[in-house]
Amino acid sequence: ANMDIFEKAAEVGIKKHPRNLKEEVTYGTAGFRMRADSLDHIVYRMGLLSVMFSKFRSGVTGLMITASHNPEEDNGVKLIDLMGQMMPIAWEKYATSLANVSDDKLVDVLQEIAKLECIDVTKPATVSIGRDTRASSLSLSEAAVDGIEAMKGKCNDFGLLTTPQLHYIVCCQNTVGQYGEPTEEGYYKKLSAAFLTLNKNRKVINYVPELYLDLANGVGAPKLQQLCAYLGDVLKINVCNNGSGKLNYQCGADFVKVSQMQPVGLNLEPGMRCASFDGDGDRLVYYYKTSEGKFALLDGDKIATLFAAYLNDLLKSSQLKLNMGLVQTAYANGSSTNYINDVMKIPVACVPTGVKYLHHKAQDFDIGVYFEANGHGTVLFSQTAQKLIRNQASDNSLDEVTRDAAVRLATIMDLINQTVGDAISDMLVVETILASKDWTCEDWDSAYTDLPSRQIKIKVENRLLVETTDAERRTTKPAGLQEAIDEVVAGYKHGRAFARPSGTEDVVRVYAEADTQANADKLACEVGLRVYNLARGIGEKPSV
Ligand code: G16
């Protein structure tokens, strides 16, 4: 019976979604990402795989069409596991071979996967899908539906969603509503109810309940509008880049973080608290203008320390003995890592780029806070932690202060999207913490001072010639590159730098930090030149 289904799937593939790409592709940091016009057959085949994965797991899997922070012309596809986390890394090799096989060998690869994972294809399967607002997303999602149906799976098409909304829905579906109602409406209801509870009776003098929000002209725009209907006047949100301009162009979280500049369409003045989403609403960064008129960024590292410090206080007041850890990547600002280690005294781990690695590591703790500096992150509470917190919150024998803290902790858990980094959810958590502390952006920013940093991209013939180790902090290939980087870095005070191949764009990324902005810029450029020379750079050489 498996054979019949596979042969039918291959037939539909050849007819409607033939492979039209010569280059080999790999399932990268966040699935497949490339120019949208090369993706049709890959998305069809990921439709097939999402059904196989659903049969393998005996539950609902997810498939999201988005290229998140990438330019409008790109698109991408990634698969989601039952609890709303990323598809396991062990399955990425199947995604890669399915994407690359020629049309006439498709059946062989499907059969091989079924054999290796003992999958009975006649079993029922369901896949939930969502897409972002890119022009190419609708037709790609139709290719996914074709794949799901060819493989005899049931498809729940949720249409436009932010990436984290789909992760949330998949998790709700597989926990039969325990995590929440498995609909977009259910998502708004759950988050807004928690937010309104946490902000009831707040007394604020310094905190202004007004936010300026850049929506990257992405799917966050229509979704935020829907959310606002549930928030009433507890938080006033003034939006810009809400869909009329070009996606991610001179706006959005990635632009603001990398260029360390305000987005287009926002007139930044001292006293304004501002934030940016990325194109699919899974990243968030904050920023403001200091009284001296300087642009100041509150990135993923600052959000992580804000969250961790607040949760730590609540843990103490609620007398719960749970361990907490923080997970970062090599991009974390050196000052943040020192602050977490030396001042907060919370263990901090470093893992390679990609939410899948951070999420996995965060599961080592009762409460695991993970954030990439680019604003992608969330908090995970272990099953034990969730149970202890809820028990404490409903224990009437405890004094009021202890119980109130536990109730707050339990409500915060409902506000956090534990399945993946979520700009909407993270924003509501940041606002809740600032309001509860009665803080301005300056107050939040004063915990530690970032070391000046710079990120650049280097175009090379083949980015996979650069290989890394030690959570991407050192290169192992090409020969001589790490020695060259070490030599350059040694010449800078507080110097640190690394180079790694991107998993979402065709470039090698270089990150550098040093004592001054001018030195960080210079260090990034010098390291970039070494990459250019030793890893066959193409096009323009980096210059300061
Ligand atoms: C994706 C991943 C992030 C990663 C980013 C950049 O973000 O989900 O974990 O930090 O790509 O990855 P790379 O440096 O390998 O290109 P997004 O928001 O684009 O989905």
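Quick check: pseudo-label points 7 Å beyond the Cα along Cα→Cβ at Asp515 and Val401, how many nm apart are they?
Between Asp515 and Val401, the simple spin-label model gives 4.5 nm.
Please name whichever of Thr411, Pro452, Trp439 sits farthest to the positive end of the charge dipole of the range 391-544, dipole taken about the Cα centre and charges placed at Cβ: Lys and Arg +1, Asp and Glu -1.
The residue sitting most towards the positive pole is Pro452.
Quickly work out the Asp37-to-Ser317 label distance, labels modelled 7 Å from Cα along the C-beta direction, and quote it in nm with one decimal.
5.8
Would you mind getting me the FRET efficiency between Asn533 and Thr26? Use the beta-carbon distance for r and R0 = 35 Å, nearest 0.05.
Details: r = 26 Å, r/R0 = 0.73.
So, using R0 = 35 Å, E works out to roughly 0.85.
Given the Cα atoms of the chain, and with Rh set as the inverse mean 1/r over their pairs in the Kirkwood sense, what is Rg to Rh to two decimals?
Details: Rg = 23.3 Å, Rh = 24.1 Å.
Answer for the chain: 0.97.
For the range 394-473, what does the alpha-carbon gyration tensor say about shape, rounded, prolate or oblate, given a ≥ b ≥ c as the root eigenvalues, a/c under 1.5 as rounded, and a/b over b/c as prolate? Kindly include the intermediate steps, with their values, before the conclusion.
Numbers: a/c = 3.13, a/b = 2.11, b/c = 1.48.
Prolate, since a/c reaches 1.5 and a/b exceeds b/c.
What's the local net charge at Gly186, with K and R +1, D and E -1, over the other residues with C-beta under 14 Å away? Walk me through the numbers before you get to the answer.
Working: positive: Lys189, Lys190, Lys223; negative: Glu181, Glu184, Glu185, Asp414.
Net of charged neighbours comes to -1.
Please go through the residue pairs Lys321/Lys437; Lys93/Lys356; Lys459/Lys541; Lys22/Lys152; Lys123/Lys152; Lys361/Lys437 and name each one whose alpha carbons sit more than 18 Å apart in this structure.
Details: Lys321/Lys437 23 Å; Lys93/Lys356 15 Å; Lys459/Lys541 9 Å; Lys22/Lys152 29 Å; Lys123/Lys152 9 Å; Lys361/Lys437 29 Å.
From Lys321/Lys437; Lys93/Lys356; Lys459/Lys541; Lys22/Lys152; Lys123/Lys152; Lys361/Lys437, over 18 Å: Lys321/Lys437; Lys22/Lys152; Lys361/Lys437.
Return P(r) of the range 94-183 (all Cα-Cα pairs; 5 Å bins starting at 0; whole %; ordered from short to long distances).
3, 12, 16, 20, 20, 16, 10, 2, 0
Once fully extended, how much extra length lies between Ser259 and Met83, figured as 0.36 nm per residue of separation less the alpha-carbon to alpha-carbon distance?
59.9 nm
Assuming a ≥ b ≥ c are the square roots of the Cα gyration tensor eigenvalues, decide whether the range 214-324 counts as rounded (a/c under 1.5), prolate (otherwise, with a/b larger than b/c) or oblate.
Values: a/c = 1.94, a/b = 1.51, b/c = 1.29.
Note, shape of the range 214-324 comes out prolate.
Over the chain, calculate the relative contact order: mean separation of alpha carbon pairs under 8 Å at least 6 apart, over the residue count, as a percent.
Working: 1188 pairs, mean separation 66.0, N = 544.
Computed over the chain, the figure is 12 percent.
Between Ser244 and Ser139, what length in nm is gained on full extension when 0.36 nm per residue of separation is reduced by their alpha carbon distance? Mind dumping the intermediate values first?
Working: separation 105, 0.36 × 105 = 37.80 nm, distance 2.12 nm.
Separation in residues times 0.36 nm, less the Cα-Cα distance, equals 35.7 nm.
Bin by bin, in steps of 10 Å, what percent of the Cα pairs in the range 404-544 do you find, going until the bin that has the longest distance?
Calculated P(r), rounded to whole percents: 11, 30, 22, 21, 14, 2.
If you bin every alpha carbon distance in the range 1-144 into 5 Å steps from zero, what whole percent lands in each bin?
Each 5 Å bin holds this share of Cα pairs: 2, 10, 22, 24, 23, 13, 5, 1, 0.
Quick check on packing: order 100-111, 484-495 by the mean number of other C-beta atoms within 10 Å, highest mean leading.
Values: 100-111: 17.0, 484-495: 15.1.
The most tightly packed comes first, giving 100-111, 484-495.
Under a cut-off of 16 Å between alpha-carbon atoms, report the aspartates and glutamates in cross-link reach of Lys105, not counting same-chain residues fewer than 8 places apart.
Asp4, Glu7, Glu11, Glu24
Report the label-to-label distance for Glu210 and Glu185 in nanometres (one decimal), using points 7 Å from each Cα along the Cα→Cβ vector.
It works out to 3.4 nm between the two label points.
Find which of Tyr212, Leu116, Ile129 sits farthest along the positive direction of the dipole of the chain, computed with +1 on the beta-carbon of Lys and Arg, -1 on that of Asp and Glu, about the Cα centre.
Leu116
What is the gain in length, in nm to one decimal, between Glu467 and Glu117 on full extension, counting 0.36 nm per residue of separation less the C-alpha to C-alpha distance?
Details: separation 350, 0.36 × 350 = 126.00 nm, distance 2.99 nm.
Taking Glu467 through Glu117 to full extension adds about 123.0 nm, to one decimal.
What is the total of Lys pairs in the range 180-265 with C-alpha atoms under 23 Å apart, excluding same-chain pairs fewer than 8 positions apart?
Eligible lysine pairs with Cα atoms under 23 Å apart amount to 12.
For the range 306-386, compute Rg over Rh where Rg is the Cα radius of gyration and Rh is the Kirkwood radius from the inverse mean 1/r over Cα pairs.
On the way: Rg = 12.0 Å, Rh = 12.7 Å.
Rg divided by Rh gives 0.95.
So for the chain, taking the charge dipole from beta-carbon charges (+1 Lys/Arg, -1 Asp/Glu), which of Ala221, Gly495, Thr61 sits furthest toward the positive end?
The listed residue farthest towards the positive side: Thr61.
Using the Cα centre of the range 94-192 as the reference point, and only Cβ charges (+1 on K/R, -1 on D/E), how large is the resulting charge dipole? Debye, rounded to the nearest 20.
Values: 9 positive and 14 negative charges, 65 e Å.
Computed charge dipole of the range 94-192: roughly 320 debye.
Since every read-out is calculated from the coordinates, none of them should be taken as a lab result. These numbers were taken from a predicted model, which means no experiment stands behind them. Note: ideal-geometry Cβ built from the backbone for every residue, glycine included; neighbour counts use all protein chains shown.
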